[in-house]
Amino acid sequence: MIWTTPPTLEGLNASNEDTAASHLDLTFTGFGDDYLLAEMPVTSRSVQPMRRLHGGISCFIIETLGSVAGMLSVPKPGKQYIVGTEINASHLRGVSEGDKIFGKVTPVRVGRRVQVWQVDITDKAGRLVCTGRINCQVLGM
């Protein structure tokens, strides 16, 4: 297990209260030894004018899942935090309003100073919608 702070669904979802994640209905749905899972409905709050998932929302999901995973795996919990320093996303398939998307974050590198997280976003059929990475820097409080 890579988590230095063991996750719970209650804790993960409580951390979303009064944030962009709660506004967009992003919900954590599961986790394993080295991954987190989340889902989100595609609604009027997350689409562009053509009523398709906005690409910026995919980046929001990458940032959110990567940042939460990063905080759960800092070497010194309570004494360190992470900040995103770079994000990239490849948008591969459109998703219409009314559908649901699913995110999975996995580690590429979890170092003492730098973390890199891979996030794959899929549709209800399991097809890849977007894939991206976020680089995070580990900082002291």
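The values are calculated or read from the model by the stated rules, or taken from the named source; none is laboratory data. Just so it is clear, the model here is predicted, and its values are computed rather than measured. All Cβ positions, even for glycine, are placed from backbone atoms using ideal geometry, and neighbour counts span all protein chains on display.
Going by what's in this entry, would Leu72 be described as modelled with pLDDT of 95 or more, under 10 Å from the mean Cα position of the chain (by Cα) and surrounded by 13 or more Cβ atoms within 10 Å (Cβ to Cβ)? Before the answer, list the steps.
Working: modelled with pLDDT of 95 or more: yes; under 10 Å from the mean Cα position of the chain (by Cα): no; surrounded by 13 or more Cβ atoms within 10 Å (Cβ to Cβ): yes.
It is false that Leu72 is modelled with pLDDT of 95 or more, under 10 Å from the mean Cα position of the chain (by Cα) and surrounded by 13 or more Cβ atoms within 10 Å (Cβ to Cβ).
In the stretch 1-24, what count of residues is obtained for those that are in a helix (DSSP H, G or I) and within 26 Å of Gly111 (Cβ to Cβ)?
The initial filter retains those residues of the stretch 1-24 that are in a helix (DSSP H, G or I), namely 9-14, 20-23.
Filter again for within 26 Å of Gly111 (Cβ to Cβ), leaving 11-12, 21.
Adding up the residues that qualify gives 3.
In the list Gly126, Gly94, which residue meets the criterion of being outside any strand (DSSP E or B) and either in contact with a helix residue (DSSP H, G or I) (Cβ under 7 Å, 6 or more places away or on another chain) or surrounded by 12 or more Cβ atoms within 10 Å (Cβ to Cβ) (or both)? Outline the logic, then answer.
Numbers: Gly126 fails: either in contact with a helix residue (DSSP H, G or I) (Cβ under 7 Å, 6 or more places away or on another chain) or surrounded by 12 or more Cβ atoms within 10 Å (Cβ to Cβ) (or both).
Going through Gly126, Gly94 in turn, just one is outside any strand (DSSP E or B) and either in contact with a helix residue (DSSP H, G or I) (Cβ under 7 Å, 6 or more places away or on another chain) or surrounded by 12 or more Cβ atoms within 10 Å (Cβ to Cβ) (or both): Gly94.
For (1) surrounded by fewer than 13 Cβ atoms within 10 Å (Cβ to Cβ); (2) closer than 25 Å to Tyr81 by Cβ; (3) not basic (Lys, Arg), each residue gets a yes or a no:
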| position | (1), (2), (3) |
| --- | --- |
| Arg109 | yes, yes, no |
| Val114 | no, yes, yes |
| Thr122 | no, no, yes |
| Met141 | yes, yes, yes |
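For (1) part of a loop (DSSP other than H, G, I, E, B); (2) of a type in the set (Ser, Thr, Tyr), each residue gets a yes or a no:
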position: Leu37; (1), (2): no, no
position: Ser44; (1), (2): yes, yes
position: Met50; (1), (2): yes, no
position: Ile61; (1), (2): no, no
position: Ala69; (1), (2): no, no
position: Val74; (1), (2): yes, no
position: Asn88; (1), (2): no, no
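For residues in the stretch 47-61 being over 12 Å from the mean Cα position of the chain (by Cα) and in contact (Cβ under 8 Å) with a residue 24 or more places away in the chain, which is farthest from Glu86 (Cα to Cα)? Break it down into steps so the answer makes sense when it comes.
First pass over the stretch 47-61, keeping only residues over 12 Å from the mean Cα position of the chain (by Cα): 47-56.
If we keep only those that are in contact (Cβ under 8 Å) with a residue 24 or more places away in the chain as well, we get 47, 51-53, 55.
Numbers: Val47: 23, Arg51: 28, Arg52: 25, Leu53: 22, Gly55: 16 Å.
Out of the qualifying residues, it is Arg51.
Just to verify a result, which residue in the stretch 28-52, among those that are under 14 Å from Pro7 (Cα atoms) and among the hydroxyl-bearing types (Ser, Thr, Tyr), is surrounded by the fewest Cβ atoms within 10 Å (Cβ to Cβ)? Break it down into steps so the answer makes sense when it comes.
Here is the first cut: in the stretch 28-52, the residues under 14 Å from Pro7 (Cα atoms) are 28-38.
Checking which are among the hydroxyl-bearing types (Ser, Thr, Tyr) leaves us with 29, 35.
Numbers: Thr29: 13, Tyr35: 16.
Top of the filtered list is Thr29.
For the structure I just gave you, tell me whether Phe102 is surrounded by 19 or more Cβ atoms within 10 Å (Cβ to Cβ), on the phi < 0 side of the Ramachandran plot and in a strand (DSSP E or B).
So Phe102 does not fit the description; no.
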